[in-house]
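S.K.: Below: one structure in structure tokens.
FYI, it's all coordinate maths here, none of it is from the lab. Keep in mind that this is a model prediction, so the values were computed, not measured. As a convention, Cβ positions derive from the backbone with ideal geometry for all residues, glycine included, and neighbour counts pool all protein chains shown.
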Amino acid sequence: MARYLPMALVAFAFLTAVVSHAGGEKDFAFKGKLTKDDPKDQARGGPSQFHAIKLKAGKAYTIHMASAAFDSYLRLQDAKGKQLAEDDDSGGGLNAQIVFNCTADGEYRVVCTTFGASPGGDYSLTVKTASAVQPPST
């Protein structure tokens with residue numbers, strides 16, 4: 001596990017730099033792979049990866065995770081780790097999707113994991129922005 005730590009730190013630094021563009025004008029797209037060597041998600045039990053993203057107040061964000069290999073599960077946390085949203089299948093089929101109306105500028109964490117204790121596989125993550133906060137759906 002210790003030999004994977006340097007690679008994980010480099011990957012995290014790269015993802016933090018790339019994903020920070022989600023708060024700007026461009027959408028973010030990432031392709032990754034969950035493996036048995038990834039940390040276990042505390043809530044779901046499967047492998048997990050998190051992505052730090054900077055979001056802007058007054059914007060709505062659609063966070064979408066898709067995989068043909070497993071049942072996707074998303075969680076959104078604030079910088080302190082407080083869970084703000086979670087989703088299993090709102091993205092169609094077994095894909096996860098969160099629509100988040102951001103009320104405060106800052107760094108957030110998108111946790112990508114599996115619904116159950118799946119071994120994982122390839123996945124894609126996208127974060128798309130809208131210009132203004134959308135009213136909550138009823």
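S.K.: Please give every one of the lysines within straight-line cross-link reach of LYS82, meaning a C-alpha to C-alpha distance under 21 Å, and leave out same-chain neighbours fewer than 8 residues apart.
M.R.: By straight Cα distance, LYS82 reaches LYS40, LYS54, LYS56, LYS59.
S.K.: Taking θ = phi - 60°, what integer Hz values does the Karplus form 6.51 cos²θ - 1.76 cosθ + 1.60 yield along the stretch 85-98, in sequence order, with x for Gly and Pro?
M.R.: 7, 8, 7, 10, 10, 6, x, x, x, 9, 8, 9, 8, 10
S.K.: For the residue pair GLN83 and ASP27, what label-to-label distance in nm results when each label sits 7 Å from Cα along the Cα-to-beta-carbon direction?
M.R.: 2.8
S.K.: Starting from the amide H of TYR123, placed 1.01 Å from N in the peptide plane, find each other amide H under 5 Å away whose residue is 5 or more places distant or on another chain.
M.R.: GLY32, LYS33, LEU34
S.K.: Assuming 0.36 nm per residue, please report the length gained on full extension of the stretch THR35 to GLU107 beyond their Cα-Cα distance.
M.R.: 23.4 nm
S.K.: Something else about it: What are the ³J(HN,Hα) values, in whole Hz, obtained from phi via the Karplus relation 6.51 cos²θ - 1.76 cosθ + 1.60 with θ = phi - 60°, for each residue of the stretch 32-43 in sequence order, with x given for Gly and Pro?
M.R.: Once rounded to whole Hz, the list reads x, 9, 8, 10, 5, 7, 6, x, 6, 5, 5, 8.
S.K.: For the peptides 107-115, 55-63, what is the packing order when you average, over each peptide's residues, the other Cβ atoms within 10 Å and list the highest mean first?
M.R.: 107-115, 55-63
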